[in-house]
Amino acid sequence: MSSPQPNPTIQSLATRIKTGQITRIVVLTGAGISTSAGIPDFRSPTTGLYDKLAPLNLPYPEALFHISYFSHSPEPFYAIARARHPANLKPTLSHAFLALLAKKNILHFLFTQNVDNLEEKAGIPAEKVLAVHGSWKSQHCWTCKASYPDELMEKAINAGEVPYCLEAGCGGAIKPDVVFFGENLPSAFDEKIHLISEAECMLVLGTSLRVAPCSTIPRQIAAGVPRVLINMEKAGDLGSREDDVLLLGSCDEGGLSVCGCAWVEG
Ligand code: CNA
């Protein structure tokens, strides 16, 4: 039986990583790891998307990404789509940090709520990542589910116009394969969720933990397994357990400091 660990710090966790005592890290990320790439998050005051929607006259901010609203009014979504589209954006230091965990073979699994596909651009192996809310990589007709060409989608996004289905007699609006509020998550979520129980450490980066079911992931980590929150603000129940470590500040700096402790200093 292993001896009980004192309350962890980022330094003591780094030592456990360095000495091979932690080899399975499960990570949950959100919009905060991509803000330094130029994609605003949803909920940060002033800079977040929800603070800038007044001109669109939405019934409520989340309507922009709610399937019941999109199904009759796709125009507001395409009015902001260009600014949200991740084409030409580069991964951040936080993505590089996660890619390094994968390279060191200690990234057990990454659940990302992000739809920007920057994990792939950063070189994180596809089998280690689940984009729980889908991504902008592909798109389909919302009505008949026919696929739609990438180049026409890009053209519509750049023009701020709604693309419509090319199938004869359909004419439905095209939707990127991003999971909107009110839609089901990919079945892979249920297939991968058991990996949480195999974690020897959990990292939570850049998320307000306000969107279920990802918001429940940190609570599913077994008692005694260290959980680290790297975020501008406190989120969820992180900080309520003895084994929690809070690094409140930017994700990029938090990732760098973990790397510094684990692989650079001493
Ligand atoms: P959110 O609710 O907007 O929360 C973001 C969190 O990140 C907040 O707690 C911020 O304080 C924090 N934050 C912002 N910038 C930084 C930073 N540089 N360093 C540290 N912390 C920071 O977003 P969530 O991800 O929690 O919500 C889930 C939604 C957001 C998912 O459905 C996503 O699809 C959706 N989203 C995705 C993207 C993207 O793909 N890049 C962008 C915006 C929203």
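Throughout, read-outs are computed from the coordinates displayed, never taken from laboratory work. Computed from a predicted model, the values in this text were never measured in an experiment. Note that each Cβ is placed from the backbone with ideal geometry, even for glycine, and that neighbours are counted across all protein chains shown.
Give the Rg/Rh ratio for the chain, taking Rg as the radius of gyration of the Cα atoms and Rh as the Kirkwood radius, to two decimals.
1.00
Once both labels are modelled 7 Å past Cα along the beta-carbon direction, what's the SER197-TRP263 spacing in nm?
The answer from the label model is 3.1 nm.
Determine the calculated [θ] at 222 nm for the chain from helices alone, applying -39500 (n - 2.57) to every DSSP H run no shorter than 4 residues and normalising by the residue count; nearest 500 deg cm²/dmol.
-6500 deg cm²/dmol
Using the Kirkwood radius over C-alpha pairs as Rh, can you work out the diffusion coefficient of segment 105-238 via Stokes-Einstein at 20 °C, viscosity 1.002 mPa s, in µm² per second? Intermediate results must be reported in sequence, preceding the final value.
Values: Rh = 16.9 Å.
Here the translational diffusion coefficient equals 127 µm²/s.
Would any residue of segment 224-249 have its amide N under 13 Å from a label point 7 Å out along Cα→Cβ of SER12? List them or say none.
So the set is 224-227, 242-246.
What value does segment 163-266 have for Rg/Rh, both radii from Cα atoms and Rh as Kirkwood defines it?
Using only Cα positions, Rg/Rh for segment 163-266 is 1.14.
7 Å from Cα along Cα→Cβ at both LYS121 and ASN184: what's the point-to-point distance in nm?
Taking the simple label geometry, LYS121 and ASN184 are separated by 3.1 nm.
Using only C-alpha atoms and all pairs of different ones, pull out the Kirkwood radius for segment 48-171 in Å with one decimal.
16.4 Å
What distance in nm separates the simple spin-label points at GLN21 and VAL211, each placed 7 Å from Cα in the Cβ direction?
Taking the simple label geometry, GLN21 and VAL211 are separated by 3.6 nm.
What's the Kirkwood radius of segment 176-233 in Å, using all Cα pairs?
When all Cα pairs of segment 176-233 are included, the Kirkwood radius is 13.0 Å.
Roughly speaking, what is the stretch gain from LEU248 to LYS155, that is 0.36 nm per residue apart minus the C-alpha to C-alpha distance, in nm to one decimal?
Result: 29.5 nm gained on full extension.
Can you work out the Karplus-derived ³J(HN,Hα) for every residue in segment 166-178? Use 6.51 cos²θ - 1.76 cosθ + 1.60 with θ = phi - 60°, whole Hz, and x for glycine or proline.
Running phi through 6.51 cos²θ - 1.76 cosθ + 1.60 with θ = phi - 60° gives 8, 5, 4, x, 8, x, x, 6, 7, 10, x, 7, 9 Hz.
What net charge is computed for the residues neighbouring LEU246, neighbours being all others with C-beta under 13 Å from the C-beta of LEU246, Lys and Arg scored +1, Asp and Glu -1?
Numbers: positive: ARG227, LYS234, ARG241; negative: GLU233, ASP237, GLU242, ASP243, ASP244.
Summing Lys and Arg as +1 and Asp and Glu as -1 gives -2.
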